[in-house]
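Data first, discussion second: the structure below is written as structure tokens.
The values are calculated or read from the model by the stated rules, or taken from the named source; none is laboratory data. Model, not experiment: these values are computed from the prediction. A quick note on method: Cβ atoms are made from the backbone with ideal geometry, for glycine too, and the neighbour counts reach across all protein chains shown. The accessibility values were calculated without ligands, DNA or RNA, using every heavy atom of the protein model including side chains. Shrake-Rupley method; radii C 1.70, N 1.55, O 1.52, S 1.80 Å.
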Amino acid sequence: MFKNSRFLITGIADKHSLAMYVAKEIIAQGGTVICTGLGVSKHHENLSDKAKAFLSQNFTDFKSAVHNELGDVGVEILDVSLDANIQEFAQNLKAKNITLNGLLHAVAMDKTIRNKKVKPLLEVTKDEFCDTMNVSAYSLIRLTHHLLAQDVLQKGASICALSYIAAEKVTFHPYRNISIAKAALERITVELADELGRSHGIRVNTVRFSPYIGSKAGNATLNVDDVLTSDSLSPLGNATPQDLAYEIVHLFRPGLHISGEIRHVDGGYHITG
Ligand SMILES: NC(=O)c1ccc[n+]([C@@H]2O[C@H](COP(=O)([O-])OP(=O)(O)OC[C@H]3O[C@@H](n4cnc5c(N)ncnc54)[C@H](O)[C@@H]3O)[C@@H](O)[C@H]2O)c1
């Protein structure tokens, strides 16, 4: 299905990342991927030794997971909170004559969740609010902007992002600040779908997925009981990362006329409660 198609996959931390399942499925369907991971770039300023060590370890883990799970695919450092890093990344792809038929935005960060405990919204600082919004929502706009500015993202491409039900409803999961960023991400999806559909024939969709504790982000946020509760509330039980991968790959299909959707791959969880 994806002969001669290439997709950008953001958000792989390790083999359990949701984005890894998507990357694998694209390759299984005959496509190629470029994967980006968080690491130290020349655009980072005043990094503490601790932050530098964290980012270096993250990139090492990312690279080895990609190598082990996907084989010989392109890897690049990308911190989506740094506009200069995004711009340089897009320029480098252009310089290498690399074009993209789509991208997966699978990046999120919220420092107000620690040890599965969430700060009340009333206590969230402006920096915490803006950092979460920048990484988890606004980055979709900037990434798309720079890839289009360099003619890397092709006409007719497909963009997908990942969200969850807490963007719309208060749930029992420990989310507050990040829910607001996810609501923004979903609204960005709709606005970009209109702009880019008209200007470039590009589709933009977001998929809300079941609570998943297997990834680093999921494990830092969720308790086992949360996942068991959503499993029992969902008519079909929790969806699996592979279910998500099938849906994203479907939305990546060339020529599909689906755009501006906020879809659910959650076993029907969203209709309950
Ligand atoms: N795990 C769940 O329950 C669940 C459910 C629905 C949606 N999602 C969403 O799926 C996406 C992927 O999450 P996951 O569960 O696979 O966890 P994950 O920890 O594997 O992925 C999160 C990724 O975000 C990256 N990231 C954070 N800050 C970044 C930055 N500044 N620049 C670049 N990358 C950065 C991390 O390095 C990591 O690769 C996220 O958007 C998440 O909100 C997760």
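Residue check: is A23 aliphatic (A, V, I, L, M), on the phi < 0 side of the Ramachandran plot and within 10 Å of the ligand (Cβ to nearest atom)? Taking the combined requirement at face value, the residue does not satisfy it. Scanning region 30-74 for residues that are under 25 Å from R253 (Cβ atoms) and in contact with a Cys (Cβ under 9 Å, 6 or more places away or on another chain), we see that the one that is nearest to the ligand (Cβ to nearest atom) is V66. Note on region 156-174: among residues that are over 17 Å from the mean Cα position of the chain (by Cα) and not aliphatic (A, V, I, L, M), the one that is most open to solvent (accessible area, probe 1.4 Å) is E168.
Among the residues of region 134-156, those identified as of a type in the set (A, V, I, L, M), within 20 Å of I12 (Cβ to Cβ) and either touching a Phe, Trp or Tyr at 6+ places or on another chain (Cβ under 9 Å) or more than 11 Å from the ligand (Cβ to nearest atom) (or both) are L143, L147, V152, L153. Counting only helices (runs of 4 or more DSSP H) that sit wholly inside region 1-99, those with at least 3 residues that are without any contact (Cβ under 8 Å) to a residue 40 or more places away in the chain and not charged (D, E, K, R) are 49-70.
Among the conditions (1) outside any helix (DSSP H, G or I); (2) open to solvent by 40 Å² or more (accessible area, probe 1.4 Å), the only one that L103 does not satisfy is (2). Could you tell me how many of the residues in region 250-266 are surrounded by fewer than 20 Cβ atoms within 10 Å (Cβ to Cβ) and more than 21 Å from A184 (Cβ to Cβ)? Adding up the residues that qualify gives 7. Of all the listed residues (D151, D127), the sole one being in contact with a helix residue (DSSP H, G or I) (Cβ under 8 Å, 6 or more places away or on another chain) and open to solvent by 10 Å² or more (accessible area, probe 1.4 Å) is D151. Taken together, the residues in region 175-192 that are of a type in the set (K, R) and open to solvent by 50 Å² or more (accessible area, probe 1.4 Å) amount to 2.
Right, K15: open to solvent by 60 Å² or more (accessible area, probe 1.4 Å), within 11 Å of the ligand (Cβ to nearest atom) and modelled with pLDDT of 95 or more or not? The answer is yes for K15. Once region 244-273 is narrowed to residues that are part of a helix (DSSP H, G or I) and farther than 27 Å from K155 by Cα, the residue that is farthest from the chain's Cα centre (by Cα) is I271. Selection within region 193-221: residues that are charged (D, E, K, R) and free of Cβ contacts under 8 Å to residues at least 60 places away in the same chain. The member of this set that is most open to solvent (accessible area, probe 1.4 Å) is R198.
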